[in-house]
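Participant: Pasting in a structure now, in structure tokens, and then I'll have a few things to ask.
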Amino acid sequence: MKILTTNFLTCALRACKSHPNSFPLRFRDAELQQDSSPFNAAFISNILPRIDWSALLTTAAELGFTNLPVEKPAVVDEKVGMELHRILIETHVVEGKLVCGNCGHQYAIHQGTANFLLPGHLGISPTPFVWRTGVADIYA
Amino acid sequence: MSRPEDTLPPDLFYNDHESQKYTTSSRIQTIQTAMTQRALSLLALPYPSLVLDIGCGSGLSGESLTASDHTWIGMDISASMLAVALDRETSGDMFLADIGQGVPFRPGTFDAAISISAIQWLCNADSSDVSATGRLSRFFEGLYAALKRGGKAVLQFYPKNEVQRGMITSAAIRAGFGAGLLEDDPGTKNVKVYLVLTVGAGAEKGGASDVTNVVRGMEGVDVIDERRKGRGGGRGGDGEGRKGSKDWILRKKEQGKNRGKVVKADSKYTGRKRRPAF
């Protein structure tokens, strides 16, 4: 899974979507892999306004990338663009877990593919009574 | 030909054997690629974009997306299909997820969405605690929020009959989309139905992103434009949730915010009456 995707993902539980703790999902036991792909400057500058910069900084720091600027750059120059490309597109999380900070649900990542299937009663439940008591305890 | 969605749920139907068969069939490959190209031409994306592939399967449609320089993220419910995609080393990011449970992305994430032969599966409820209409509305509401304003979605699907076609279209309209149905080769065995959806184009009438302009000049277009122009009536009621009250306004703004709409900030003036000057 690309870091780019992580910056847009939320918890699949409907009740968590509006909660500030639920974004970004945190990595646990992440195993990284770098590959190389052609640098696409037009795509990076297209996607930049939609990136949640503070969430990206959090994720990047957790995974050990520290050379991002503190403020979101207004224009993409060669240097920042390449750095963003390396982190967002070329870095993959191949194994590990994504954890929601609100309900504590863990989404397993296996071979770079995350499992976002919810057990039936969580998927459709319109009233948030299960997760308040801590889904983490049930699905630990 | 029999319809696979009548036999088994998608995650069970597309097992290792079926997924392999589906992906290696040159006939299916040709059809899928042609439909993806058609969908891409309907989307007419001007620059490299972030695209959601709904029901990406083994990444047949993703290959066309990659070839046109777009970055895509795919969702599929069948683990076997995704395993085939991994073997084929597709360049998109994929998830194991049920689109009937919603679309787990931040509001305004995607430039566009594409779906090839997938959403008819939503019309089947495979367990007693879910309904087809519930799954459809969760999917379309999630998709509406996940697309940016001015975004477009082209969903190709195989409706079983008129009822299913109406069910899917009305679910999309209820979620707030501007919706149009495009049929290729109507009346033949090879008929292909595309649901063309636009987000947030209702404000500027005749704007370039309006769905009716997307398909203007194309043959066999059936536009159903039932976007709500402000709901009259509704629940009159009394108590604190009364329509027009401060609570009601705040609740509506919260709902809009959750759907990814642009909402004015709350202040102490929110919901106050505008008094006459003297």
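The values are calculated or read from the model by the stated rules, or taken from the named source; none is laboratory data. Not measured: the values here are computed from a predicted model. Neighbour counts run over all protein chains shown; Cβ positions are idealised from the backbone, glycine included. Only protein heavy atoms, including side chains, enter the accessible area calculation; ligands, DNA and RNA are left aside. Shrake-Rupley method; radii C 1.70, N 1.55, O 1.52, S 1.80 Å.
Participant: Quote the total accessible area buried by chains B and A together, excluding ligands, DNA and RNA, probe 1.4 Å, nearest 100 Å².
Facilitator: Values: alone 15250 and 8010 Å², together 20460 Å².
The B and A chains share an interface burying roughly 2800 Å².
Participant: How much accessible surface does B:L12 have with a 1.4 Å probe, in Å² rounded to 10?
Facilitator: 100 Å²
Participant: Could you give me the ³J(HN,Hα) list for segment A:76-83, computed from phi with Karplus coefficients 6.51, -1.76, 1.60 and θ = phi - 60°, whole Hz, x at Gly and Pro?
Facilitator: Per-residue couplings from phi come out as 8, 9, 4, 5, 5, x, 5, 5 Hz.
Participant: Amide H of B:G102 versus every other amide H placed in the peptide plane: which residues, excluding those fewer than 5 positions away on the same chain, fall under 5 Å?
Facilitator: The answer is B:F139.
Participant: If R₀ is 22 angstrom, what is the calculated FRET efficiency for the pair B:N15 and A:E95, using the beta carbon separation as r and rounding to 0.05?
Facilitator: In this case the efficiency is close to 0.35.
Participant: Hey, any idea what the orientation-averaged projected area of the convex hull of chain B's Cα atoms comes to, in nm²? Can you show the working numbers first?
Facilitator: Working: hull surface 72.7 nm².
So the Cα hull casts an average projection of 18.2 nm².
Participant: Could I ask something else about it? If DNA, RNA and ligands are ignored and the probe is 1.4 Å, what is the ranking of A:T58, B:T270 by accessible area, most exposed first?
Facilitator: A:T58, B:T270
Participant: Which of the cysteines found in chain A have nothing to pair with, since no other Cys Cβ lies under 4.7 Å from theirs?
Facilitator: A:C103
Participant: I would also like to ask the following. Anything over 28 Å Cα to Cα? Flag those among B:K152/B:K246; A:K72/B:K252; A:K2/B:K148; A:K97/B:K252; A:K17/B:K268; A:K72/B:K261, in the order listed.
Facilitator: Among B:K152/B:K246; A:K72/B:K252; A:K2/B:K148; A:K97/B:K252; A:K17/B:K268; A:K72/B:K261, the Cα-Cα distance tops 28 Å for B:K152/B:K246; A:K72/B:K252; A:K97/B:K252.
Participant: Moving to a separate point now. Report in % the part of the accessible area of the protein assembly as shown that belongs to carbon and sulfur, leaving out ligands and nucleic acids; probe 1.4 Å.
Facilitator: Details: 10760 of 20460 Å².
Of all accessible area on the protein assembly as shown, carbon and sulfur atoms account for 53 percent.
Participant: Follow-up question, since we're still on this one. If one computes P(r) from the Cα atoms of segment B:135-179, what percent of pairs lie at distances over 17 Å?
Facilitator: The share of Cα pairs beyond 17 Å in segment B:135-179 comes to 28 percent.
Participant: Roll a 1.4 Å probe over the protein heavy atoms and report the accessible area of B:Y22 in Å², nearest 10.
Facilitator: Accessible area of B:Y22: about 50 Å².
Participant: Take peptide A:7-18, look around each residue's Cβ out to 10 angstrom, count Cβ atoms belonging to other protein chains, and average those counts. List each step's numbers first, then the result.
Facilitator: On the way: counts 2, 11, 7, 9, 1, 9, 3, 7, 0, 1, 8, 3.
Whole-number average of other-chain Cβ neighbours for A:7-18 is 5.
Participant: Nearest 5 is fine: what % of DSSP beta bridges in segment B:4-224 come out antiparallel, could you say?
Facilitator: Numbers: 17 of 36 bridges.
Beta bridges within segment B:4-224, antiparallel portion: roughly 45 percent.
Participant: Still on this model: What number comes out for accessible area per residue over the protein assembly as shown if the probe is 1.4 Å? Units Å², please.
Facilitator: For the protein assembly as shown, the per-residue accessible area is 49 Å².
Participant: Another question, if that's okay. In deg cm²/dmol and to the nearest 500, what is the mean residue ellipticity at 222 nm of chain B if only DSSP H runs of at least 4 residues count, each as -39500 (n - 2.57), divided by the residue total?
Facilitator: Roughly -10000 deg cm²/dmol at 222 nm, from the helical runs in chain B.
Participant: Beyond 33 Å, what percent of the Cα pairs of the protein assembly as shown remain?
Facilitator: Counting pairs separated by more than 33 Å, the tail of P(r) holds 34 percent.
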